[in-house]
Amino acid sequence: MAATSPPAARPGRPRDPGADARILQAAVDELAETGIAGFRTNSVAARAKVAKRTLYSRWPERDELILAALSTFSGRLYPPRTGSLEADLRILYAAMAEVLESPQWLIVFRCSFEFPDFPELYAGFLRDCVDQPLAVLEDVLFDAQRRGELRPDLDRSVAAETFAAALNNFSSHISRRRGVSVAGAREDFLDLFLNGVRAGGA
């Protein structure tokens, strides 16, 4: 008796190409409305109009989805490598200011009050949204130090944290009180920072 070929497998349901974006936006909306403590994945699935299995196939754990939603605010930075410290910092400043001035960043600010209750989530947030930009800033400063643009005794880690913390503080508090934009203060900010780190204080 001749062998018969097995029936051809039926193709599965095609993957929804827009599901990821809808789920992440729904997760952002959920955070804005409920914060971390009230965050519910079932509610996110309903907001995104996807089946729960679709959501869980992408983010099996609740904290993974929350972290993914928070990470959409930060944007990933990359060393510009223009060959000039000032040019590199101008590019990074613009990218960081755009994030910090976004109304959605207020969601992160709100969640920051809940982080002490969710230490593992906070650790992931620090890794993806804080440490990554700091590493890029340190990389830029390392290149500048090799080119002789920086003081040889400069602690690049302290300088990177100073740059990021000062920009964040200015964006969150000072600029709003003064009614000015972070972008509008770029020249004064960069002038102050560069005079502090450049070789010879030039």
Note to self: Step by step: first the residues of the range 153-183, then only those that are at pLDDT below 85, surrounded by 13 or more Cβ atoms within 10 Å (Cβ to Cβ) and not aliphatic (A, V, I, L, M), then the one that is nearest to the chain's Cα centre (by Cα). Which residue is that?
What the structure shows: Asn168
Check: Of the residues Leu121, Leu137, Leu89, Leu106, which single one is under 19 Å from Asn169 (Cα atoms), modelled with pLDDT under 95, in the same structural domain as Phe163 (by TED's automatic domain parsing) and among the aliphatic types (A, V, I, L, M)?
Finding: Leu106
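The rows are residues; the columns are (1) of a type in the set (D, E, K, R); (2) exposed (fewer than 13 other Cβ atoms within 10 Å of the Cβ); (3) free of Cβ contacts under 8 Å to residues at least 40 places away in the same chain.
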position: Arg127; (1), (2), (3): yes, yes, yes
position: Val136; (1), (2), (3): no, no, no
position: Val140; (1), (2), (3): no, no, no
position: Arg151; (1), (2), (3): yes, no, no
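Would you pick out the residues in the range 81-97 that are of a type outside the set (A, V, I, L, M, F, W, C) and either over 18 Å from Ala165 (Cβ atoms) or not in a helix (DSSP H, G or I) (or both)? Before you say what the answer is, go through the steps one by one.
First, pick out the residues of the range 81-97 that are of a type outside the set (A, V, I, L, M, F, W, C): 81-84, 86, 88, 90, 93.
Correct list: Arg81, Thr82, Gly83, Ser84, Glu86, Asp88, Arg90.
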Checklist line | Qualifying residue in the range 52-72 (condition: surrounded by fewer than 19 Cβ atoms within 10 Å (Cβ to Cβ), modelled with pLDDT under 90 and either of a type in the set (Val, Ile, Thr) or within 25 Å of Ile23 (Cβ to Cβ) (or both)) | finding: yes
Next item on the list: Those residues that are at pLDDT 90 or above and more than 14 Å from Leu137 (Cα to Cα), I need them from the range 190-202; list them, please.
Entry: Asp191, Leu192, Asn195, Gly196, Arg198
Note to self: Going through Val130, Val108 one at a time, which residue ends up being under 25 Å from Asp188 (Cβ atoms) and β-branched (Val, Ile, Thr)?
What the structure shows: Val130
Next item on the list: Scan the range 28-67 for residues that are over 20 Å from the mean Cα position of the chain (by Cα) and among the small types (Gly, Ala, Ser) and jot them down.
Entry: Ala37, Gly38, Ser43, Ala45, Ala46, Ala48, Ala51, Ser57
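The values are calculated or read from the model by the stated rules, or taken from the named source; none is laboratory data. Just so you know, these numbers come straight off a predicted model, no measurement behind them. Neighbour counts are summed over all protein chains in view; Cβ atoms, including those assigned to glycine, are modelled from backbone coordinates with ideal geometry.
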